[in-house]
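Read the structure below first, then the notes.
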Amino acid sequence: MLRPALFGFVTSVLGRAVQAPLDSTPPWQSEQLAQSQAILGQDHWHPAEWDVLQLPNPNHTDHLVFETVHSLLQHWPNTRMRNGHNIVPGVIPKGTPLYHGRSDETLPQGPEWTSLDAEHAYYFCQDRTYYPSQDRCWYFTLVATRPLNIVYFDGYSAAKMDYGSLDTQDLLVWGESSKENMWDETGRIERLCEWAVDLGVDALIRMEMGFEVMLCNFTSGVRLASSAKLRPGGLPPLMSGLVTFETMHAGSWHNYFPGETRIQLDLPRLISFYDTQLVPSLVPIRVGQERWDHRVGNISKYDLSIVKSKLEADLISPPIRSSGIDWQSLLHVLVDRFADRLELTRYLLTFPAAEPADIINFANKTQIQLRTMLAPYLLLPAAPSDPTDEAALDWTVPMYKSCATSHASFTESELDGMTESEALILRAVRGTNREICRVLTKMWAAGVYAGIDIKQNTKEVLDVVEITRLQSTWLDDLNGLMGWLDWSVWVKCDPGCSPEEMCFLPTWPFGFPLEGFPDTGLPYEVVITPDPNEWVRPHPRCIPRFEPFAF
């Protein structure tokens, strides 16, 4: 049950609207909001402006909300972008097995760590003093006897790194992200569970090699299905070996959509730190930063209090009314439709062609791809009135608008009951879809004017020099779009790996400098294999699935 004092605090803080007018906030907060609004402008786009030359504001976050929400519970994108920006309530369904490995036969009462993959728990089935042991591996299987209420922290949220991976959880329990607390895992789980129990939460979800379940109580909501004494797994000094590889291999099963399906998230209660209305203090800090460098730990105390109160209010409330829209599917449809085609288009534009016939051939193929992506929106009147006036693009407006609005077009009644979180996701879908359509429309129209469109041949004789310039412009436009979207589905091993290899992103703790690791007085050697830049900006590579392993 929620403590009365906490309930009073939650309701009093939420009484100040998250999007409160400037005169209802402290003076320093008013300045912060004004600064944020000045950076973001008045609106994402003015609805009357359908100009294919109008770039989105670089400080808007529609694409960041889109990509991080689409990536929830997927191992690959959260290994790549380790600093999580979402906190999401959800459930682990009844009947779900959880696994726990330890060095003695006593099942803990909690809080303790469990895993969703058997290989992940087996890795920890070893003497916790880190001495190699041949007879101290106990392996427990638990089963959820009811839906377990959870809170999920996205990103690589179990990595003990001073780059921001722990920010969201540490802000909740300590009010700050501090290097001093980085290795205090016992204090972290105890504080998180103290916070969670009052809110009806059974477990916290984080990700490292796989997804871990920080179970607050081993006697509530779960039962012991089996316990067994096994040959030990592979904690240090057995870091490099088959057990380690198979632990990471198991995590890779959840690399891409739909990700870890044994956790069901409640997106209508999502908290995103890319929500510029909820967290305006992060807006000016992100200006000019690359996405790798975005950190939640830079949030103001005031914004943190609003976020925490909103999250707590959502957790203690009865099941909230929502729109009923399947947001994950709505997001994924856009990735399905465009990811592969955009990648193919980039291939066509980067293929080395020197002969005039080859240049025109690849330009024709590119224009076909652009037309294919826009085909559902190519209205019959869409044609230039003057094929020689390349600056006139008003004829593209109906097509651009149709492309940008048809995917997430809902009536007022269909949006009835939409939560603030759902409204944020809807803006992200619309803003992301709009920019895709803007760039594709601009590129396709340029191909029409160049005379290479199969349906609108505006020139009898093609100019190879003009076509070459067009391809260069196309590539700039496409690289700008794909860089803005930054979809992790495009990050892959190229060339692909052999059957005896696995595509791998540098994964904490393997190969990372364990700064601040508690001194046990035991030998603990770590071979630092990634380039230091890859600790923050990881790149994929193929690693062997058999000895000798290389992480």
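Return yes when Asn78 is open to solvent by less than 40 Å² (accessible area, probe 1.4 Å) and at pLDDT below 95 and no when it is not.
Values: open to solvent by less than 40 Å² (accessible area, probe 1.4 Å): yes; at pLDDT below 95: no.
No; evaluated as a whole, the condition is false for this residue.
In the set (1) in contact (Cβ under 8 Å) with a residue 24 or more places away in the chain; (2) outside any helix (DSSP H, G or I); (3) of a type outside the set (Lys, Arg), Tyr302 fails one condition alone, (2). With respect to the conditions (1) farther than 24 Å from Glu67 by Cα; (2) without any contact (Cβ under 8 Å) to a residue 60 or more places away in the chain; (3) in contact with a Cys (Cβ under 6 Å, 6 or more places away or on another chain), Cys403 lacks only one, and its number is (1). Which pairs do you get when a residue that is modelled with pLDDT of 85 or more and surrounded by 13 or more Cβ atoms within 10 Å (Cβ to Cβ), found in segment 525-551, comes within reach of a residue that is among the basic types (Lys, Arg) and not in a strand (DSSP E or B), reach meaning Cβ atoms under 8 angstrom, with the pair 6+ apart or on two chains? That search, which allows pairs on different chains as well, returns Pro538/Arg80; Pro540/Lys492.
Results for (1) under 28 Å from Val88 (Cα atoms); (2) without any contact (Cβ under 8 Å) to a residue 24 or more places away in the chain, shown as yes or no for each residue.
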site	(1), (2)
Asp386	no, yes
Ser409	yes, yes
Ser421	yes, no
Arg434	yes, no
Leu440	no, no
Trp444	no, no
Val465	no, yes
Thr468	no, no
Met482	yes, no
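Quick check on my filter: what residues within segment 197-207 are under 24 Å from the mean Cα position of the chain (by Cα) and surrounded by fewer than 23 Cβ atoms within 10 Å (Cβ to Cβ)? Step through it out loud before you land on a result.
Taking segment 197-207 first, the residues under 24 Å from the mean Cα position of the chain (by Cα) are 201-207.
Across segment 197-207, the qualifying residue is only Val201.
Under the condition of being open to solvent by 30 Å² or more (accessible area, probe 1.4 Å) and in a loop (DSSP other than H, G, I, E, B), the residues counted in segment 309-323 number 6. Candidates Trp183, Trp174: the one that is among the hydrophobic types (A, V, I, L, M, F, W, C), in contact (Cβ under 8 Å) with a residue 24 or more places away in the chain and open to solvent by 40 Å² or more (accessible area, probe 1.4 Å) is Trp183. Going residue by residue through segment 218-229, is there one that turns out to be in contact with a helix residue (DSSP H, G or I) (Cβ under 8 Å, 6 or more places away or on another chain), of a type outside the set (Val, Ile, Thr) and either at pLDDT 95 or above or open to solvent by 10 Å² or more (accessible area, probe 1.4 Å) (or both)? There is no residue in segment 218-229 that is in contact with a helix residue (DSSP H, G or I) (Cβ under 8 Å, 6 or more places away or on another chain), of a type outside the set (Val, Ile, Thr) and either at pLDDT 95 or above or open to solvent by 10 Å² or more (accessible area, probe 1.4 Å) (or both).
Residues of segment 413-467 that are of a type in the set (Gly, Ala, Ser) and open to solvent by 50 Å² or more (accessible area, probe 1.4 Å): Ser413 alone. Of all residues in segment 470-496, those satisfying the criterion of being of a type in the set (A, V, I, L, M, F, W, C), in contact with a Pro (Cβ under 9 Å, 6 or more places away or on another chain) and either crowded, with 17+ Cβ neighbours inside 10 Å or not in a loop (DSSP other than H, G, I, E, B) (or both) are Trp484, Trp487, Val489, Val491. State which residue is farthest from Lys459 (Cα to Cα) when the search covers only segment 370-397 and only residues that are assigned to a helix (DSSP H, G or I) and open to solvent by 70 Å² or more (accessible area, probe 1.4 Å). Once the filter is applied, the top-ranked residue is Pro376. Within segment 324-354, the set of residues being over 15 Å from Ile436 (Cβ atoms), part of a helix (DSSP H, G or I) and among the small types (Gly, Ala, Ser) comprises Ser329 only.
When Tyr377 is tested against the conditions (1) in contact (Cβ under 8 Å) with a residue 40 or more places away in the chain; (2) closer than 24 Å to Ser472 by Cα; (3) of a type outside the set (A, V, I, L, M), the lone failure is (2). When His407 is tested against (1) open to solvent by less than 10 Å² (accessible area, probe 1.4 Å); (2) under 24 Å from Asp486 (Cα atoms), just one condition goes unmet, and that condition is (1).
Within segment 457-475, the presence of at least one residue that is more than 32 Å from the chain's Cα centre (by Cα) and either closer than 23 Å to Lys401 by Cα or of a type in the set (Ser, Thr, Tyr) (or both) is confirmed.
The single condition among (1) open to solvent by 50 Å² or more (accessible area, probe 1.4 Å); (2) farther than 30 Å from Gln471 by Cβ; (3) part of a helix (DSSP H, G or I); (4) small (Gly, Ala, Ser) that Ala357 does not meet is (2). In summary, Val283 fulfils each of the numbered conditions (1) open to solvent by less than 20 Å² (accessible area, probe 1.4 Å); (2) in contact (Cβ under 8 Å) with a residue 60 or more places away in the chain; (3) assigned to a loop (DSSP other than H, G, I, E, B) with the single exception of condition (3). Restricted to segment 405-421, and to residues there that are in a helix (DSSP H, G or I) and closer than 15 Å to Leu330 by Cβ, the residue that is modelled with the lowest pLDDT is Thr405.
The values are calculated or read from the model by the stated rules, or taken from the named source; none is laboratory data. Here the structure is a predicted model, which is why all the values come from computation and not from measurement. Cβ coordinates were reconstructed from backbone atoms using ideal geometry, including for glycine residues, and neighbour counts include every protein chain displayed. The protein model used for the area step is the full one, side chains on, heavy atoms only, and it has no ligands, DNA or RNA in it. Shrake-Rupley method; radii C 1.70, N 1.55, O 1.52, S 1.80 Å.
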